[in-house]
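To keep things clear, I will list the structure first and then write my remarks on it.
The values are calculated or read from the model by the stated rules, or taken from the named source; none is laboratory data. Everything numeric in this text was worked out from a predicted model, so none of it was measured. When we count neighbours, we look across all protein chains shown, and the Cβ atoms used for this are built from the backbone with ideal geometry, even at glycine. Keep in mind that these areas ignore ligands, DNA and RNA; they rest on the heavy atoms of the full protein, side chains included. Shrake-Rupley method; radii C 1.70, N 1.55, O 1.52, S 1.80 Å.
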Amino acid sequence: PIQSLQPDISSLHSLLYAHSNSQQRGSAKKCEQIFRQIQSSQGKSNIQIGHVTYNIVINAWAKSARRDINAANRAEELLREMQEAYSDGNTRVKPTLVSF
């Protein structure tokens, strides 16, 4: 039944990609808000955030640099967060070349 359907990592990535590719003002912020919601529900859902998820949000901020003066700082903070999580043992978030 439809009631038992749960979002998975693919549907999350699709949603994040849609926001990251949007030309609307605030789209990167919305992308990160969704990311943070999912991140805060880790363990309560079947979604496991990994390097691809981080890279999508970092890319969203990179694309919004012309519309948001804080975009580069947000992207850099996410990369640092990703590196720290990896250093703390979360191998799913190991930065890749795309991350940089």
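Taking 19 Å as the straight-line reach from the Cα of Lys94, the aspartates and glutamates in range (excluding those fewer than 8 positions away in the same chain) are Glu32, Glu76, Glu77, Glu81, Glu84.
Share of carbon and sulfur in the accessible area of segment 36-100 stands at 51%, probe radius 1.4 Å.
Would you work out the relative contact order for the chain, in percent, from Cα pairs under 8 angstrom that are 6 or more residues apart?
On the way: 100 pairs, mean separation 26.4, N = 100.
RCO, the chain: 26 percent.
Near Gly50: Cβ cut-off under 14 Å, other residues only, Lys/Arg at +1 and Asp/Glu at -1. The net charge is 0. Of the options (i) 22, 19, 10; (ii) 32, 13, 10; (iii) 18, 15, 13, only one is semi-axes √(5λ) of the Cα gyration tensor in Å as computed from these coordinates, and that is (i). Residues in the chain average 65 Å² of solvent-accessible surface per residue, probe 1.4 Å, ligands and nucleic acids excluded.
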